[in-house]
Amino acid sequence: MVRKEIKILNKYGLHTRPATALVTLVSKFKSDVFLEYNGVKVNAKSILGLLVLAVEPGANLIVEANGVDEQEAVDNLDRLAQQKFNLE
Amino acid sequence: MKTIKGIKISSGVVSGPIFNFERGKLTVPKHFIREADFDSELERFNTAIRKSKDELTQVRDLVHNHLDEDHAKIIEAQLLAVQDEEMITAVRELMVREKKNVTWAYFEVMDDYEKLLLKTFSQFFKERTADLKDIKKRVIYHLSHEKDIIQPEIIKPSIIVAEKMSPSDLMHIDHKLTLGIITRYGGVDSHAGILARAFRVPYISNINRIQEIVSYSEIILDADNETILLDITDDIKASYESRIQDFRRHRDNIISDKVANSTKDGVPYHIYLNAGFVDEVKAMDPALIQGIGLFRTEFLCIERNSIPDENVQFQAYKAVLEKMNDLPVVFRVYDFGRDKLLAMLDLEILQEDHVFDEWGGIGFLLDNPEILKAQLRAILRASAYGNTRIMLPLVMFVEEVVRTKEILETIKSELKREGLAFAENIELGAMIETSSVLEELDELAKYVDFFSIGTNDLALYLLGSGRMTDLTKNYYHPKMFRAIDKIIKAGNKAGIPVDVCGEMASDPYALIGLTAIGIRFISVSSSALAAISDEVSKIDVQQCGKLVNSILNADSAFTIYSHLKKFYHEQLE
């Protein structure tokens with residue numbers, strides 16, 4: 001299992017478009033990927049789960065991945081978050 | 001007694017109780033199921049998810065190619081949400097645990113997500129419930145299709161009061177129980193307006209005091225006089241009774257006599273019908289009418305919030321042709337302006353969007369050949385069952401007609417190879433409704449079998465006004481009559497018929513002007529059919545021909561209006 005803290009830099013937080021980019025990315029990996037925010041843990045492949053987390057701008061999230069490509073999944077997600085999900 | 005004034009969208013007068021229509025409020029069939037039904041319920045759910053997924057993929061591509069990237073991404077999010085594994089698991093578990101039918105379980109799970117979003121602190125996330133509503137509506141539509149009909153639960157005949165009414169809202173409410181419609185937003189030429197007229201439902205819009213109306217138990221909606229009467233006494237009700245009865249008879253009785261086929265002085269005249277729904281055509285008696293001059297195929301999409309596949313289209317077109325018993329039916333291929341695309345998709349998220357540049361009609365279809373080909377194949381296959389004509393909307397350039405004809409030829413050879421029947425000689429017409437094509441009429445006439453004038457869009461192009469505003473006054477504009485005169489002359493020169501299928505032909509005064517300058521072929525909606533037929537049978541072409549010069553040389557819409565009105569009241573009443 002790999003865990004890492006990532007920061008959401010997007011102006012409106014993890015709203016529809018960054019969440020879409022996030023789900024699209026992690027769905028490419030075989031590992032189970034979870035996000036934890038304010039004590040709530042959701043499946044990172046579930047867009048509905050991510051949206052109801054309502055992650056605010058500047059928030060820190062814990063990414064947790066379990067599976068054959070766990071390290072790759074976490075690294076890629078971290079990079080995408082740093083690039084503001086290729087938006088803005 | 002209190003009265004409120006509004007704008008007439010669809011005529012008629014009714015009295016009745018109020019139904020407060022709230023968008024997105026769905027009635028879900030709730031019942032418990034047996035364990036033996038789990039598999040079939042899940043199968044139903046999977047199918048609904050798959051269909052929604054296919055539709056949203058198509059919608060996303062359309063929006064991506066024709067609207068903008070931002071909206072395409074929002075639809076991409078809907079596409080992910082509709083097949084969200086967590087959500088699907090939750091639905092399955094709820095169904096198994098509480099033995100609720102799958103529609104009910106789905107509705108509850110989605111409702112929970114919605115509630116969680118509303119609890120968040122950011123307005124930004126709260127607003128995303130619009131996405132969830134769109135998704136929910138789409139999936140539930142597929143879950144309910146042909147099984148349980150889901151619509152706002154109108155129990156008794158009522159006047160529907162709403163902020164706004166989208167075409168698909170109107171499609172999914174029970175027309176038999178819809179006495180009338182009152183909305184805050186909506187224009188004469190809005191698509192909901194066209195539908196209301198097709199269903200003969202009185203409709204008044206531009207009412208700001210919606211909330212006040214909702215508090216009354218019974219009201220009178222007098223669309224003819226653009227008035228809503230609140231606080232009605234028995235005396236007032238009694239004074240309206242005969243008009244209300246007359247309207248009810250008119251509404252139930254689409255047309256009782258054969259449509260007129262000549263004027264008072266025996267000049268042959270064609271009056272065809274505009275239609276958009278298979279059910280609307282099925283309600284017609286083919287022995288009384290002459291043909292369908294405009295079948296608006298995009299209404300098939302509005303019913304479904306997506307573009308139906310070739311087979312669904314084929315069945316619909318075939319049903320229309322069979323019902324019409326060899327009377328001509330003019331199928332207009334999809335006319336998706338941006339506004340109509342939005343109307344078709346009926347997405348909450350796209351509702352209050354900016355005004356888009358003009359595009360649509362055949363140009364749009366040629367940019368999306370897969371949509372055009374599926375539709376032309378469906379029409380050609382259906383042509384084996386009746387008298388089929390094809391019409392191209394919003395033609396801007398001759399080139400567009402040439403390319404469409406090439407596609408038609410390719411499809412014909414495909415169908416021959418596949419051994420599928422079709423009619424060999426199908427007439428092809430062009431709608432004349434843009435200013436650019438007015439310059440190419442002679443050239444265009446070489447490639448088509450008829451011209452059909454779309455007066456609504458023509459008025460937009462010539463006079464430039466918004467689709468949501470009242471267009472009726474444009475019908476008397478000298479520019480309109482001069483343009484139509486030009487089209488008639490080009491048609492005569494080429495020896496092809498020219499008809500008017502726009503709303504202008506349903507205007508009693510404008511019809512006199514059209515007849516005066518040489519129109520002998522119109523197509524009108526069913527709500528106007530009886531009155532227009534009556535009017536045509538009373539027109540003396542010889543007499544009305546005398547108006548030609550004063551119409552074509554008029555300096556203002558008001559001058560023309562005055563001439564036509566005077567003629568109408570002197571000669572026809």
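Each reported figure results from applying straightforward, stated rules to the coordinates on display, with no laboratory input. Quantities reported herein were computed from a predicted structural model and do not represent experimental measurements. All Cβ positions, even for glycine, are placed from backbone atoms using ideal geometry, and neighbour counts span all protein chains on display.
Work from the charge dipole of chain B (Cβ charges, +1 for Lys and Arg, -1 for Asp and Glu, about the Cα centre) and give the residue of B:319, B:287, B:329 farthest towards its positive end.
Value computed over the given set: B:287.
Considering only the protein assembly as shown, what is the antiparallel percent among its DSSP beta bridges, to the nearest 5?
Expressed as a percentage, antiparallel bridges in the protein assembly as shown total about 45.
Using the beta-carbon distance between residue B:265 and residue B:69 and R0 = 41 Å, what value does 1/(1 + (r/R0)^6) give for FRET efficiency, to the nearest 0.05?
With R0 = 41 Å, the Cβ-Cβ based efficiency is 0.10.
Would you please put A:28-41, B:105-118 in order of how densely packed they are, using the mean number of other Cβ atoms within 10 angstrom per residue and starting with the highest?
B:105-118, A:28-41
Angle between the Cα long axis of helix B:557-567 and the longest principal axis of chain B, 0 to 90 degrees, nearest 10?
That helix lies at roughly 70 degrees to the long axis.
What are the lysines whose alpha-carbon lies under 24 Å from the alpha-carbon of residue A:4, with same-chain residues fewer than 8 places away excluded?
Within the straight-line limit of under 24 Å, residue A:4 reaches these lysines: A:28, A:30, A:41, A:45, A:84.
Take the alpha carbon atoms of region B:200-337, find their radius of gyration, then divide it by 2.2 N^0.38 Å using N residues; give the quotient. All intermediate terms of the calculation are to be shown ahead of the outcome.
Details: Rg = 20.0 Å, N = 138, 2.2 N^0.38 = 14.3 Å.
Ratio of Rg to 2.2 N^0.38 Å for region B:200-337: 1.40.
Tell me, what is the FRET efficiency for residue B:215 and residue B:242 to the nearest 0.05, using R0 = 45 angstrom and their Cβ-Cβ distance as r?
0.95
From the phi of every residue in region A:39-44, what ³J(HN,Hα) in whole Hz does the Karplus formula 6.51 cos²θ - 1.76 cosθ + 1.60 yield, where θ is phi - 60° and glycine or proline is x?
My calculation for region A:39-44 gives x, 10, 10, 10, 5, 6 Hz in order.
In whole angstrom, note down how far apart the Cα centers of region A:43-88 and region B:525-569 are.
So the two Cα centres are separated by 68 Å.
How tilted is helix B:38-66 with respect to the longest principal axis of chain B? Cα atoms for both, answer in degrees (0 to 90, nearest 10).
50
Taking all pairs of distinct Cα atoms, average 1/r, flip it, and tell me the Kirkwood hydrodynamic radius of region B:35-144 in Å to one decimal place.
It works out to 14.6 Å.
Just need the relative contact order of chain A here, percent rounded to a whole number, with Cα pairs under 8 Å and 6+ apart.
Over chain A, the number comes to 46 percent.
Shielding by partners for B:563-569, please: the mean number of other protein chain Cβ atoms within 10 Å of each residue's Cβ. Intermediate values should be presented prior to the final figure.
On the way: counts 0, 0, 0, 0, 0, 0, 0.
Across the residues of B:563-569, the mean count of other-chain Cβ atoms within 10 Å is 0.
Given the pairs B:282/B:318; B:99/B:137; B:264/B:546; B:53/B:119, which span a C-alpha to C-alpha distance of over 18 angstrom in this model? It would help to have the intermediate numbers written out before the result.
On the way: B:282/B:318 12 Å; B:99/B:137 22 Å; B:264/B:546 16 Å; B:53/B:119 28 Å.
Too far apart for the 18 Å limit: B:99/B:137; B:53/B:119.
If each Cα of region A:2-86 is one equal point scatterer, what is log10 of I(q)/I(0) from the Debye formula at q = 0.11, 0.17, 0.19, 0.24 Å⁻¹?
Scattering profile of region A:2-86, log10 relative to I(0): -0.22, -0.56, -0.71, -1.21.
Counting every Cα pair in region B:381-461, what percent are over 22 Å apart?
Result: 32 percent of Cα pairs exceed 22 Å.
Could you compute the net charge surrounding residue B:405? Neighbours are other residues with a C-beta less than 13 Å from the C-beta of residue B:405; K and R count +1, D and E count -1. Mind dumping the intermediate values first?
On the way: positive: B:403, B:412, B:446; negative: B:399, B:400, B:406, B:409, B:427, B:449.
Net charge around residue B:405: -3.
For region B:35-144, what does the relative contact order come out to in percent, with C-alpha contacts under 8 Å and a separation of six or more? Could the numbers behind the result be given before it?
Working: 82 pairs, mean separation 35.1, N = 110.
Relative contact order comes out at 32 percent.
Take peptide B:74-82, look around each residue's Cβ out to 10 angstrom, count Cβ atoms belonging to other protein chains, and average those counts. List each step's numbers first, then the result.
Numbers: counts 3, 1, 7, 12, 3, 2, 12, 9, 2.
Whole-number average of other-chain Cβ neighbours for B:74-82 is 6.
In nm, to one decimal, how far is the residue B:54 label point from the residue B:443 one, both placed 7 Å along Cα→Cβ?
The answer from the label model is 4.1 nm.
Round to the nearest 10 and give me the degree value, 0 to 90, for the angle of helix B:85-98's Cα axis relative to the longest principal axis of chain B.
Approximately 70 degrees, to the nearest 10.
Do you know the relative contact order of region B:47-98, to the nearest whole percent, from alpha carbon pairs under 8 angstrom that are 6+ apart?
Working: 23 pairs, mean separation 18.6, N = 52.
Relative CO of region B:47-98 lands at 36 percent.
Roughly speaking, what is the stretch gain from residue B:163 to residue B:402, that is 0.36 nm per residue apart minus the C-alpha to C-alpha distance, in nm to one decimal?
The span from residue B:163 to residue B:402 would gain 81.6 nm if fully extended.
If the viscosity is 0.692 mPa s and the temperature 37 °C, what Stokes-Einstein diffusion coefficient in µm²/s follows for the protein assembly as shown when Rh is the Kirkwood radius over Cα pairs?
120
Return, ordered by residue number, the residues of region B:95-124 whose backbone nitrogen is under 14 Å from a label point located 7 Å along Cα→Cβ of residue B:47.
Zone members listed by number: B:102-103.
Tell me, rounded to the nearest percent, the portion of alpha carbon pairs in region B:370-522 spaced more than 22 Å apart. Don't jump to the answer; show the numbers that get you there.
Numbers: 5234 of 11628 pairs.
Pairs farther apart than 22 Å: 45 percent.
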